[in-house]
Amino acid sequence: MRVAVTGTPGTGKTTASELLESRFGADGSAADADSTPESDDDSAPALEVIHLNRVLEDEGLYTEVDADRESKVADLDALATWLEGRDDVLIESHLAHHFAVDRVAVLRCDPDTLEERLLERGETEAKATENAESEALDVILSEAVDEHGLESVYEIDTTEREPADVADALEAVVTGEREPSAGDVDFVGYLT
């Protein structure tokens, strides 16, 4: 099983994935029997969490640095090669939906809230606005659906949710307790 956790920067991917990761041991096995909800077949997989942006940084898997955006341009081919042979993983990154996975959880957040979150963590006004507009336009959701199909995409609105609740929702995606959903969240009003 391979699961992608993706979404616009600031939607809560890293925080929720770290909470989910803490429920599993270092090898990806369940930390304790009570920490993982039971799936219908009582064999819910425990996944190793891969924080892809850290891999990109640690392994130097980028092609250049975009000075205007103050970000590294990912080498998607090199990242795909790095991921080869890694199964039973949860891949967390705004790029995660670009790779071969069985399920894609797209975290969403109201653009106004997203913009506030990004400014609070030190992003520039221009970058925060660009990301908020991308969120309103469903950019990552659309890419995920185009690449993986509606039957593999799970949309999770994080706007009014605590991180532990988002981690629970992610766990439900992993265990199959949650039905695929895409297009349920609508933030296009932000643009008017």
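Here, each number is a calculation from the coordinates, and none is a lab measurement. Nothing here was measured: the structure is a model prediction, and the numbers come from that model. All Cβ positions, even for glycine, are placed from backbone atoms using ideal geometry, and neighbour counts span all protein chains on display.
For GluC sites (Glu not before Pro), the sites in the stretch 127-192 that DSSP calls loop and that have at most 12 other Cβ atoms within 10 Å are E160.
Can you give the calculated 222 nm mean residue ellipticity of the chain, where each DSSP H run of n ≥ 4 adds -39,500 (n - 2.57) and the sum is split over every residue, rounded to the nearest 500 deg cm²/dmol?
Details: 7 runs with 71 residues, N = 192.
That comes out to -11000 deg cm²/dmol.
Computed from label points 7 Å out along Cα-Cβ, the spacing between M1 and E147 is 2.1 nm. Of all DSSP bridge pairs formed entirely within the stretch 2-182, close to 20 percent run antiparallel.
Please return the longest stretch of the chain lacking exposed loop sites, where trypsin sites (Lys or Arg not before Pro) count only if DSSP places them in a loop and at most 12 other Cβ atoms lie within 10 Å. Write down the numbers at each step before the final one.
Details: sites that count: R69, R86, R121.
Counting only loop sites that pass the neighbour cut-off, the longest clear stretch is 122-192.
Once log10 I(q)/I(0) by the Debye sum over Cα atoms at q = 0.08, 0.11 Å⁻¹ is calculated for the structure shown, the corresponding label among (1) -0.25, -0.48; (2) -0.31, -0.57; (3) -0.22, -0.43 turns out to be (1). Other residues whose C-beta falls under 13 angstrom from the C-beta of T81 contribute a net charge of -3, scoring Lys and Arg +1 and Asp and Glu -1.
Please compute the net charge surrounding D165, taking Lys and Arg as +1 and Asp and Glu as -1 over other residues with Cβ under 12 Å from its Cβ. Spell out each step's value before the answer.
On the way: positive: R161; negative: D157, E160, E162, D168, E171.
Here the charged neighbours net out to -4.
Work out, step by step, the length gained on full extension between D77 and V188: first 0.36 nm times the residue separation, then minus their alpha carbon distance; give nm to one decimal. Working shown, then result.
Details: separation 111, 0.36 × 111 = 39.96 nm, distance 3.22 nm.
Going from the current span to full extension adds 36.7 nm.
For D102, neighbours were defined as the other residues whose beta-carbon sits under 12 Å from its Cβ, and their charges (Lys and Arg +1, Asp and Glu -1) total -1.
Assuming 0.36 nm per residue, please report the length gained on full extension of the stretch D102 to D58 beyond their Cα-Cα distance. All intermediate terms of the calculation are to be shown ahead of the outcome.
Working: separation 44, 0.36 × 44 = 15.84 nm, distance 2.57 nm.
Computed gain between D102 and D58 is 13.3 nm.
Modelled label positions at V139 and R121, each set 7 Å beyond Cα in the direction of Cβ, lie 1.5 nm from each other. Considering the zone a paramagnetic label at E162 would reach in this model (a point 7 Å from Cα along the Cα-to-Cβ line), which residues of the stretch 107-139 have amide N under 20 Å from it? Correct set: 108-110.
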